[in-house]
Amino acid sequence: MATIIAGIGSSHVPAIGAALDNGKTEEPYWKRVFSGFEKSQEWMRATKPDVAIIVYNDHASAFSVEMIPTFALGCAAEFPPADEGWGPRPVPVVKGHPALASHIAQSVILDEFDLTICNKMEVDHGMTVPMNLLFGKIDKNGHWPCPVVPLAVNVVMYPPPTGHRCYMLGKAIRKAVESYPDNLRVVIFGTGGLSHQISGPRAGLINSKWDKNFLDNLSKNPKKLAQIPHIDYMREAGAEGIEMVMWLIMRGALDDKVDEVYRFYTVPASNTAVGHIILENHRRRGKSGGKAKHTAIKYKRAAARAKPTIIQG
Ligand SMILES: [Fe+2]
């Protein structure tokens, strides 16, 4: 049986990808951002998932304003990086997991969540930037350490799905994963956010109080977050802050009670707040459960030693 062992929340700011691709990671402005992901990469190397489900949004790369699926699941064998206007990012082609993806599609659609099945899809910074942040910098001739099942969510044109719908979809994805016959250890990413607005009179808006409250509730009280209406995201977190509903898909796929093993928050990166969190499931199943628990304990101790666990740039 496959098991979701952990959830990862991460911003997917495009400028982070540009900083990586153009060798700027050691510049003080960017070092502040990248240093917050060093522990996460250590965690990922220790955890060694078999597959990652990555929830992200497409930024008019694979889809355009002519056609925007609410939930689009990538069932292909591979997903090339998209040309976002200045050529594809110099990162490897993302290998998919068609068998698991098709299984998720069947289970979730029969549970009445209407996914769009994508058998061919390019992926943009929304997915590849969090992959770099968690897996490290990998050039285009290398290989990502595990296959990925992409799930693209519409948060670019009104109406996006509600937070509650996203949270419940996460639960359906978990059910699907747990009915997959192979012993796979799966991590799920929720990406986007945190607070930001890229245009209009409030361009540059960042609301750290809102962001930290969101991270606290994501860890301890996600059902409260699932009730937040779109208008509150728009008012408090900016027009693009609505991306945060995607984190609720990740959270819905986890146990009600989780171990928060790492958190990082800094402002700004470009004009965006950067947030990152790693949550591990309490319940462990399968032959590698002990290892996952060990990872949580190890990182909790590391976090306790390195107070404060919230890193504010
Ligand atoms: Fe985005």
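Summary table
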quantity: PHE34 of a type outside the set (Val, Ile, Thr), within 16 Å of the ligand (Cβ to nearest atom) and out of contact with any His (no Cβ under 9 Å at 6 or more places or on another chain); calculated: no
quantity: Only one of LYS171, LYS220, LYS209, LYS257 that is surrounded by fewer than 23 Cβ atoms within 10 Å (Cβ to Cβ), closer than 19 Å to THR272 by Cβ and more than 15 Å from the ligand (Cβ to nearest atom); calculated: LYS209
quantity: Complete set of residues in the range 31-55 that are free of Cβ contacts under 8 Å to residues at least 40 places away in the same chain, farther than 12 Å from LEU133 by Cα and surrounded by 14 or more Cβ atoms within 10 Å (Cβ to Cβ); calculated: none
quantity: Qualifying residue in the range 89-109 (condition: within 16 Å of the ligand (Cβ to nearest atom), at pLDDT 95 or above and surrounded by 15 or more Cβ atoms within 10 Å (Cβ to Cβ)); calculated: yes
quantity: Candidates ASP114, ASP58, filtered to the one that is crowded, with 23+ Cβ neighbours inside 10 Å, of a type in the set (D, E, K, R) and assigned to a loop (DSSP other than H, G, I, E, B); calculated: ASP58
quantity: Qualifying residue in the range 272-286 (condition: touching a His at 6+ places or on another chain (Cβ under 8 Å), at pLDDT 90 or above and surrounded by fewer than 20 Cβ atoms within 10 Å (Cβ to Cβ)); calculated: no
quantity: Residues within the range 1-28 that are within 16 Å of the ligand (Cβ to nearest atom) and among the hydroxyl-bearing types (Ser, Thr, Tyr), tallied; calculated: 2
quantity: Checking GLY193 against (1) of a type outside the set (A, V, I, L, M, F, W, C); (2) at pLDDT below 95; (3) more than 22 Å from SER35 (Cα to Cα); (4) assigned to a loop (DSSP other than H, G, I, E, B), the condition it does not meet; calculated: (3)
quantity: Count of the range 1-34 residues which are in a helix (DSSP H, G or I) and either closer than 10 Å to SER270 by Cβ or touching a strand residue (DSSP E or B) at 6+ places or on another chain (Cβ under 9 Å) (or both); calculated: 9
quantity: Enumeration of residues in the range 47-70 that are in contact with a strand residue (DSSP E or B) (Cβ under 6 Å, 6 or more places away or on another chain) and either of a type in the set (Val, Ile, Thr) or away from the ligand (no atom under 13 Å from the Cβ) (or both); calculated: PRO49, ASP50, VAL51, ALA52, ILE53, ILE54, VAL55, PRO69
quantity: Filtered residues of the range 61-84 (kept if of a type outside the set (S, T, N, Q) and part of a loop (DSSP other than H, G, I, E, B)); calculated: ALA62, PHE63, VAL65, GLU66, ILE68, PRO69, CYS75, ALA76, ALA77, PRO80, ALA82, GLU84
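The values are calculated or read from the model by the stated rules, or taken from the named source; none is laboratory data. Note that the structure is predicted; figures quoted are calculated from it, not measured. We place every Cβ from the backbone using ideal geometry, glycine too, and count neighbours over all the protein chains shown.
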